[in-house]
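Data block below; observations after.
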Amino acid sequence: MGSGSPAGRCTLRSSPVPRHRPRASAPAPIDLNPRTDTPLDYPVRAFGEMTPQDYATLGFMCGLEVHQQLDTRGKLFCRCPGGRWTTRVDAEVLRHMRPTLSELGEYDGTALMEFRTRKEIVYQLDRRTVCTYEIDDTPPFPIDDESVYVALQVAALYGLDRVSELQVMRKQYLDGSIPTGFQRTAMVALAGALPFPDSELGPDRMLRIRQLTLEEDSCREVSDIGHRIVFRTDRLGMPLTETVTEPDLLTPRDVETGGRMLARIARASGRVRRGAGAARQDVNVSIAGSRRVEIKGVSQHRVLPRLVHIEAFRHLELLRIRALLRERGVTAELLALPQLDPPWESPLALDARSLLRDADAEPLQQARDRGDMVAAVRLPRFAGVLGHRTQPGHCFDHEIIERLRVIACLTSRPFMTHSDDPNSLVRAATWRELRAALGADDEDAIALVWGPHDDVATAVEEIVGRCREALIGVPSETRQAHRNGTTGFERILPGPERMYPDTDTPPWPVPDAWLAEIDAALPERPDVREARYIDGGLSPRAARLIIDDDHAELFDTLAPATALGRRRLAAALECRLVAWWRETDARTAPDPERLRAVVEATDTGRLHPEAYDTVFDALLRQSERTPSSVVDDWAGRKDPEAALTAAIGSLRPRLAAMRFSSEPARLRWALGQVMPAVLGQLTLADVRARLIAAFDIGEQDA
Amino acid sequence: MTEPTESEDYKGYRDPMRGVMQRFGVTVWSEIHARTTRGDFEGLVLPRSETADADHLILKLVSGYNIGIRHDTVLEMRKVGYRKAEYKIPEEPFPVDPGKPRVMLFGTGGTIASRLDYRTGAVIPAFSPGELYGSVPELADICNLETEKLFGVFSENMGAPQYLVLAEHVGKAIADGYDGVVIGHGTDTMHHTAAALSFMVQNSPIPIVMVGSQRSSDRPSSDAARNLIAATWAAAKGPIAEVVVCMFGPTSDRYNLLHRGTRVRKMHSSYRSTFRTLGDIPLAMVHEDGSIEHLHENYQPRRDDRDAKVQIAFEDKVTILYYYPNMQPDVIDALVQCGYKGIVIAGTGLGHVNKTVYPALRRARDAGVQIYMTLQTLWGFVQMHVYETGREILDLGVIPLANMTPEVGYIKLGWALGLHPNDPERVRELMTATVAGEMTEGEPFDGYLVLQGGVPEAAELIRKVWW
């Protein structure tokens, strides 16, 4: 409908913005919360004050997309090394992204939004971590077999149905995080359900998994200022699995618990990367009456509950705003902005430069001095809405400001003020003049935005556009998590039409032999293993630690015969082994055959348990000696009785020379002196009895 | 070779998968529920690529992902619907502005602009002005665009018959008063076609700009739109009235280069910046705003007349002989026996071949075959007087072609022999005279710059100039 072009003007601006407007495609049914009964009068409550039943009232639903890097030798579609992190910059490449038309001949909303930002995208390259594939100057090399194998393993651990043939797809990303403009990704497995015993809602719950895909990782963002975004390419192309759950996580605590559970299961494969950034989740949140919003890239599980709680209430507040606007009779027609260039030549907006006064605040004066464009936008019947609280510390205006920051690339804050703001940068007199000029009454809100000419043109469209979206309530967005648990706009949520086949990569049939091999050697799932350990006598805490700290394999190899022996070994692995690692600053895997010596000597009673930790330590450290000789230091001495007698003899004069506060203290000290001489050969009880007899120590307080 | 209706229903499927589909009454575009030994899957059946194996069915899932299901895992397939959608490129009328130059875009089959069928991945070329406007609206800022699709062939299938048609159309566009010509072309043999046009259409009054893309235009990172925009600027308003290739300068999105059609060569299989001018510097840079920055002092300026010299001909029996050590004389004898009339040798070093083939060269000369020498080093001049071997080869009647590239030598010889099939002397004259910048009088000191990566000064340079 680009009919009204001002006389003598070209309808196209020199900037390459297609005149296609993003048509908000109907949300996929999968994105809508199944309930529509929003509890609009539900009070705002802090995280921690809500029970699972309260979240049920809200209709809270959450699903996770867990991105897990695989610990493979190289990247997924080229043979560059995996897992090398760098800050070195050998060269930089500059690119732009253009939207491509969707299946229906429309531009994908996200794609167009990214294009509207007209960003320069810079990729930093370190020659040690990238080749020409990463910068999209070489077609992909064959998909990495090892990555496919690990992905199939993880899929087996999740109990999913695996496909017969991988088809590599392209998933468009125009934010620049991948130089090709799309991510290569392949469906590996679908549809499964895991027992979810740790759920807040009861031990019988299940967590359904929708799908597991194998995909290449994106770049790491270095900076994003104005029209220039900088990425580092070391992570680009690393293989990762994306596991998508169904929205079965119905409380914030369950979101965290579920995330941890999925991570543990993937780790059981022994083939996934650990550490900062190796696993990141996208969190999908909705409540009754809202639709899915995706919070991207959360790398710590513990921040999840608060984050989704705040997001749930943001949805509630946006739905309250929608109800309010409907009550006021606001319609999309009221907020229609004719497609004009520039947009401030419309009934909803005007060029406000001449209306500013010298008494208006400093930032506006500076804008005037810089020669910025200043536009005022009338938002019909929006009075009070921009000041409506949506998140802790944020009001609805934050939704608009974030859009302007991302899409209009306005950077030097502040760049917007509005009539709902009690501390607005504009004096009341100026607002009155703006109201008069815009034909606004008291029911209307007015936003004032300033910055470079082209950016303000985009900003005016975005302000009106975001307010129009307030009529649908919660727009489909991806959002980024802030440290305080609030979120900010990142992108419009892309639709499924951004996915298409990768013509550079042939289909990849999954060999039956691989699946058979994987299934035959499948590691025990952590929850099953944990139950087995608890049955075997470990405390739940010890059982979990053994698994989470990756000692399970060693533990099962050594397999002590008794419950006591298992508890002892679990404790030694958690304390002694970790202490040794810390001391040597290396996570050296110990040789199970060496440690077997101490386990067996204790199991058979040859070594008394008091010496267990000492011998365990010695076995780790005295690697030049045979395990049996190390054990014999403690278990194999010829005559422990004689040694004890000698030790008692030499202790006698020293004990006599000392004074103690009590008899038990005297006994403890004496034990401490004598015990090392007979450690592992005589029991503590025996030695104690001998000392009492030898020194006539009173037992009354012991 | 095709069974019309049935093959559409099972497009790309062969037995055994096709048999399984038939058994369950499932065709392409069916929405199905499949029960398999590897689990249950739901989705839309897509056509299969003819080159893929015969064992799998491609299913598009609701999520947009495709997966393959192997025939022998299928227990049951149930058709629950049918959803065929035709993919169409949106067209918008290309705005006409009488104040803007007229540009003719000829299509040869390269996908300079195209759209993707999102389900099958098939690339659909966008070519009509309306389609192009729909995908690259910036073109309307530059000119009034008209288009004509001449062929639909991949770059490697371009050859003499196409050169003749293309040259004729370019000549006609000049006569018809267009302000510039753009030719969309696959990149692999773009430099061959550029050379052919340079010889067949001499003294053009308007720019003849060849353009392609290294990343197809269905990709967000494609160079196609930028190349097309830059080429259109160069054709509509550019001052250089020669056959030029307009492609990315660096791999970054920064500027395009205009390369002379007889000195340009594709130098990398996949880089955006694959086209380089060899032994000289490019004619000009085209910046993002359409402005043109001259690099080379000597070029043919745009004129108002229509006096192009169009000479269309090509002799097929011409070849390039890429010399290698231990080459046997029978290779040359075979060419003579097959009736070849011209041979362009890509020799080693300054223009050498081994002694073993001398007798064969002599036999070829005596049979009336014209033999020319170029260099497989690509840079530098043939200089056959430096070593004795060179002098001996000259005595055999092999004619040096200075710094003409082997490909340009081949095209030029085909053209010259086509023009003068019965006049060897005239051909020799044409071959040794510079017609369209294919030989230069010398090489500028920066005509050979293959930077060596890793060397500190090269590292510093690419850090600054974004490659």
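Just a few scattered comments:
- Antiparallel content of DSSP bridges confined to the protein assembly as shown, in %, to 5: 75 percent
- Relative contact order [Cα under 8 Å, 6+ residues apart], region A:418-537, whole percent: 12 percent
- A cut-off of 5 Å between modelled amide H atoms, ignoring neighbours fewer than 5 places along the same chain, links A:LEU194 with A:LEU207, A:ARG208, A:ILE209.
- Percentage, to the nearest whole number, of Cα pairs in region A:551-702 over 18 Å apart: 62 percent
- Cα-based helix-to-principal-axis angle, A:145-157 vs chain A, degrees rounded to 10: 80 degrees
- Rounded to 10°, Cα long-axis angle of helix A:663-678 versus longest principal axis of chain A: 80 degrees
- A cut-off of 5 Å between modelled amide H atoms, ignoring neighbours fewer than 5 places along the same chain, links B:LYS11 with B:VAL28.
- Inter-label distance for A:ALA571 and A:LEU522, nm, one decimal - labels placed 7 Å from Cα along Cα-to-Cβ: 3.6 nm
- Kirkwood-based shape ratio for chain B, expressed as Rg/Rh from alpha carbons: 1.06
- Dividing the convex hull volume of the alpha carbon atoms of region B:360-405 by its residue count gives 71 Å³ per residue.
- Pairs over the 29 Å Cα-Cα cut-off, from the set B:LYS266/B:LYS317; A:LYS119/B:LYS84; B:LYS237/B:LYS309; A:LYS75/B:LYS11; A:LYS171/B:LYS11; A:LYS119/B:LYS464: A:LYS119/B:LYS84; A:LYS75/B:LYS11.
- Karplus-derived HN-Hα couplings along region A:649-662 (A = 6.51, B = -1.76, C = 1.60, θ = phi - 60°), whole Hz, x at Gly and Pro: x, 6, 7, 3, x, 5, 5, 5, 7, 10, 10, 10, 5, 7
- Stokes-Einstein, applied to the Kirkwood radius of chain A over Cα pairs at a viscosity of 1.567 mPa s and 4 °C, places its translational diffusion at 43 µm² s⁻¹.
- In this structure, A:THR557 and A:VAL303 have a Cβ-Cβ separation that, at R0 = 45 Å, corresponds to a calculated FRET efficiency of about 0.80.
- Shielding by partners, peptide B:51-61 (average Cβ within 10 angstrom, other chains): 4
- Projecting the Cα atoms of B:TYR255, B:THR440, B:GLN452 onto the charge dipole of chain B (Cβ charges, centred on the Cα centre) puts B:GLN452 farthest toward the positive pole.
- Under 5 Å from the amide H of B:THR36 lie the amide H atoms of B:PHE41, B:LEU75, each residue being 5 or more positions distant or on a separate chain, with H modelled from the backbone and absent for Pro and chain starts.
- Its Cα centre serving as origin, region B:262-316 has a Cβ charge dipole (Lys and Arg +1, Asp and Glu -1) of approximately 240 debye.
- Three-way shape label, region A:524-635, alpha-carbon gyration tensor, a/c 1.5: oblate
- Tilt relative to chain A, helix A:428-438 - C-alpha long axis, 0 to 90 degrees, to 10: 60 degrees
- P(r) histogram, all alpha-carbon pairs of region B:102-310 included - 5 Å bins from 0, percent: 1, 8, 17, 23, 22, 17, 8, 2, 1, 0, 0
- Most positive-pole-ward Cα, B:ILE462, B:GLY279, B:HIS191, against dipole of chain B from beta carbon charges: B:ILE462
- Backbone N within region A:199-221 under 13 Å of label point (7 Å from A:ILE534 Cα along the Cβ vector): A:199, A:203-204
- Rounded to the nearest 20 debye, the dipole size of the protein assembly as shown about its Cα centre is 1460 debye, using +1 on the Cβ of Lys and Arg and -1 on the Cβ of Asp and Glu.
- Considering only A:SER539, A:VAL598, A:ALA635, and ranking their Cα positions along the charge dipole of region A:524-635 that arises from unit charges at the beta-carbon of Lys, Arg, Asp and Glu, the one farthest toward the positive end is A:SER539.
A short reminder: the numbers here are calculations on the coordinates, not readings from a lab. Since this is a predicted model, take the numbers as computed values, not measurements. Reconstructed Cβ throughout: ideal geometry from the backbone, glycine too, with neighbour counts over all protein chains shown.
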